[in-house]
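What follows is calculated from the coordinates using simple rules that are stated; it is not laboratory data. Everything quoted here is computed from the prediction, not taken from an experiment. Every residue, glycine among them, receives a Cβ derived from its backbone with ideal geometry; neighbour counts consider all protein chains shown.
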Amino acid sequence: MRRAISVSKQTGRGERGLQLFELALVLPLLFLLMVTAAEFGRYFYTYTVLSRATRIAARYIAGHVYTDAEKNNAKSLAVCGSLTGDCTGKTPVVSNLTTSNIQITSTGSGTLPDLVTVQIINYYYQPVFNLGNWISGTWANVAVSPSTTMRYLLEN
């Protein structure tokens, strides 16, 4: 008398270890996607914080007398959120940001400007993972330079 072998037992033996092989194929791709999403998220967070810092500084300088002292206060406000002219000992809103990265310019004729512009200059985003190395390129030191232009509120 011949014994019938169930189909589930027969296919189960041939697939032993297949899940581990599939995991070994898919896991690096999942890790790459996760790292890429995290890195782009960090970049956009940095850009958003710097953009907000330029808006705050532009709003401040647009409502104050346009002097070097007030421009220094606006720069300090953009870098560390403080109105003192120096951010020494204070944490900047993003790492490696200094007052030398803030440029304040104005346009217009007369003693007071018509428009004021606050811009981030020479600031480079430092990625945690250099994803460009995996794609035969580089993604390190990406320039981030948001700017804000506002109408000057004080009148001549």
- Message: Can you sort Ile121, Ile102, Ile61, Ile56 from fewest to most other Cβ atoms within 10 Å of each residue's own Cβ?
- Response: Ile121, Ile56, Ile102, Ile61
- Task: Can you tell me which of 39-46, 76-83 comes out highest on packing, and rank the rest after it, using the mean Cβ neighbours within 10 Å?
- Result: 76-83, 39-46
- Ranked Ser145, Ser109, criterion: other C-beta atoms within 10 Å, fewest first: Ser109, Ser145
- One point scatterer per Cα, no solvent, Debye formula: log10 I(q)/I(0) for the stretch 17-151 at q = 0.16, 0.21 Å⁻¹ comes out as -0.82, -1.15
- So how strong a dipole does the stretch 17-151 carry about its Cα centre when Lys and Arg Cβ are +1 and Asp and Glu Cβ are -1, to the nearest 20 debye? 280 debye
- Message: Given an 8 Å cut-off on Cα distances and at least 6 residues of separation, report the relative contact order of the stretch 17-151 as a percent.
- Response: 23 percent
- When Thr67, Thr36, Thr148 are arranged by how many other beta-carbons sit within 10 Å of their Cβ, fewest first, they go Thr67, Thr36, Thr148
- Quick one: Kirkwood hydrodynamic radius for the stretch 84-123, alpha-carbon pairs, angstrom, one decimal? 12.1 Å
